[in-house]
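Please treat every number below as a calculation from the coordinates, not as lab data. Just so you know, these numbers come straight off a predicted model, no measurement behind them. So basically every Cβ, Gly included, is an ideal-geometry build from the backbone, and we count neighbours across all protein chains shown.
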Amino acid sequence: MRSSWLLASICLISASFTDLLFAAACDLPAHETATVSSIQDGETLKLTDGRVVRLIGAKAPAPPLGWRGDDPWPLVADARAALSRLASGAEIELRFGGRRTDRHGQLLAQVFVVRDGARLWLQEELVAKGLARVYSLADNTACVHELLASEAEARDRRLGVWGSWAYRIQSADDLKRLDRLMHTYQLVEGKVVAGGQGAGRIYLNFAEDWRRDFTVSIERKNADAFAAAGIDLKGLAGKTIRARGWLQWRNGPMIEATHPKQIELLPDTSGKAAL
């Protein structure tokens, strides 16, 4: 009897400890439970009640817009298959840490699969396996710090996307490649040459010729948020940084940084992209 009681106590403590670990990893209250009916892609779930959930914080592999290659784009099918194995038909908890829907009405949630009392954080699992990159919105950055740590470990181990040419971190100096990647989600790193201001914006320029170089653009009204996060936008000249976001064209390739999680200060080495 005593051994049975001891075993039950250990199991209870273990389960409680597991829940605490997940709570510490993404400390958001569970808002509601739902059931997954199908997987749409590597970051999107459809629920049995018809709603669609995007895994906010985790950007699944995807081909460039309009890509018409003969072979499948690397890791797109792998990410979808992994999400299907983890979540197809599963009971899930939806946890919200910011804006709850996108412009299409899809839910933006941190998602936990619940099985036998244990919880598996889907975003962290995919990022840790290199099957997603970290992605956040200005009004939805909950748990991004934890996801960035998992991404860094996956990148060091060259797992998934980090071992593929299609998703490597781009060099701010490689303008030809950046031009070919317009309208895709990228991580770009290099050394800031100079900063500038104009039309309510702060610009981080990565070459002397700001008319065609890679640039990071930030609305001046958001500067205080960057300062609060320890990023002095006016003091970044000569610093090596990594910016993440959607590439667009404005006097050369540009990423618009709407919030501090899009910029990482790096050790001042050569400024070349890490593969």
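Please state the equivalent ellipsoid semi-axes for the range 48-168: what are the square roots of 5 times the Cα gyration tensor eigenvalues, largest first, in whole Å?
On the way: eigenvalues 105, 59, 51 Å².
Semi-axes, largest first: 23, 17, 16 Å.
Between ARG100 and ALA118, the distance separating the two model label sites (each 7 Å from Cα on the Cα→Cβ line) works out to 3.1 nm.
Under the √(5λ) rule applied to the eigenvalues of the Cα gyration tensor, what semi-axes describe the equivalent ellipsoid of the range 84-138? Give them in Å, descending.
Numbers: eigenvalues 81, 45, 21 Å².
With the √(5λ) rule applied to the range 84-138, the semi-axes are 20, 15, 10 Å.
Normalised by residue count, the chain yields a Cα convex hull volume of 159 Å³ per residue. Potential lengthening of the chain between ALA228 and LEU265 amounts to 11.9 nm, from the contour at 0.36 nm per residue minus the alpha-carbon distance.
Of LYS59/LYS191; LYS234/LYS261; LYS59/LYS234; LYS176/LYS234, which ones are farther than 21 Å apart at the Cα?
Details: LYS59/LYS191 25 Å; LYS234/LYS261 17 Å; LYS59/LYS234 30 Å; LYS176/LYS234 28 Å.
Listed pairs above 21 Å: LYS59/LYS191; LYS59/LYS234; LYS176/LYS234.
Spatially, the range 97-146 and the range 158-203 are offset by 24 Å when compared through their Cα centroids.
Karplus-derived 3J(HN,Hα) values for the range 210-223, using 6.51 cos²θ - 1.76 cosθ + 1.60 with θ = phi - 60°, are 5, 6, 9, 7, 6, 9, 10, 10, 9, 5, 4, 5, 9, 4 Hz; glycine and proline are entered as x. Note on the chain: GNM, Cα springs under 10 Å; of GLU219, GLU43, GLU124, the largest mean-square fluctuation is that of GLU219.
Counting only alpha carbon atoms, the long axis of helix 144-156 and the longest principal axis of the chain meet at about 80°.
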